[in-house]
Amino acid sequence: MVAVLYDTPDHLAEFLIDTSHETAEVCANCDQTKQPMYYCETCQQALCHDCRNTTHKARMFSAHRVVVAEESARVRGRVACAQHSEPYILYCTENKSLACIQCFNERPPEDRHYFVSIDAGYKSCTEKIEKWAMKLRLYQEEKREELEVRQRILAEHNNNYQTAKEGCSITSRSIDKLSSVRSIDPIEARTEIAKALEPFLGKSLLQDCQLHGARLPLPEKVRKKVAEA
């Protein structure tokens, strides 16, 4: 079983997994998608690579926070703290959630070391996700090997079953033949043999077999004729 690594939900990790399936937004300036895409958390608009370099390089945009789109702090369409209405700029490793500057200021000084930049939180969470993915791959590989071993054992058991079944069938047929042989009357058997050899031995020898077959073995002439036949 794969062990549960963390008891508390990691909201940033959930966000990264959720947004990994989202389609890329178009640039708010040119309506195109040119990788790498960026996101201005101040304007709350997506920017392509070219427009970021042309429009947001001016001095008036120097205070704007522009991050890579995949690393943006958008959580289900929100970029501002629900409690303080301030933009997300930090990540709290203790609560595993995004935080604004007011969240940071309200915490005691001894707890502020839990706050890191969103980029650092993003890197930490992606490393966790990669570790989880690696453990899942190892678990899948282990179970795949176990399945292959079980399939080989099952195939061997099937082969052994078929071999034993054929052996039992042969033994059963042999027993049936022995039973039928033992049930034949010796006198009747010798008479039938003599009748079969009549064309080769003649009637006189046939009568001798019928008269003495119950008490005597087949005559030497009969055995020779049988051997020659």
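At-a-glance table
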{"item": "Selection within segment 41-51 - closer than 24 Å to residue 100 by Cα and surrounded by 21 or more Cβ atoms within 10 Å (Cβ to Cβ)", "result": "46, 47"}
{"item": "Matching option when the condition is modelled with pLDDT under 90, among the β-branched types (Val, Ile, Thr) and closer than 30 Å to residue 66 by Cβ, among 118, 175, 170", "result": "118"}
{"item": "Segment 80-98, subset small (Gly, Ala, Ser) and under 18 Å from residue 64 (Cα atoms), residue nearest to the chain's Cα centre (by Cα)", "result": "80"}
{"item": "Candidates 144, 112, 137, filtered to the one that is more than 39 Å from the chain's Cα centre (by Cα) and in a helix (DSSP H, G or I)", "result": "112"}
{"item": "Yes/no for residue 65 being of a type in the set (Lys, Arg) and either within 19 Å of residue 26 (Cα to Cα) or in contact with an Asp or Glu (Cβ under 7 Å, 6 or more places away or on another chain) (or both)", "result": "yes"}
{"item": "Pairs where the first residue, in segment 111-126, is surrounded by 15 or more Cβ atoms within 10 Å (Cβ to Cβ) and the second is assigned to a helix (DSSP H, G or I), C-beta under 6 Å, 6+ apart", "result": "115/104; 121/12; 122/71; 125/12; 125/13; 125/16"}
{"item": "Sole exception among (1) of a type outside the set (Lys, Arg); (2) under 30 Å from residue 142 (Cβ atoms); (3) modelled with pLDDT of 75 or more for residue 86, by number", "result": "(2)"}
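The values are calculated or read from the model by the stated rules, or taken from the named source; none is laboratory data. For clarity, every value in this text was computed on a predicted model and none was experimentally measured. Glycine also receives a Cβ, built like all others from the backbone with ideal geometry; neighbour counts cover every protein chain displayed.
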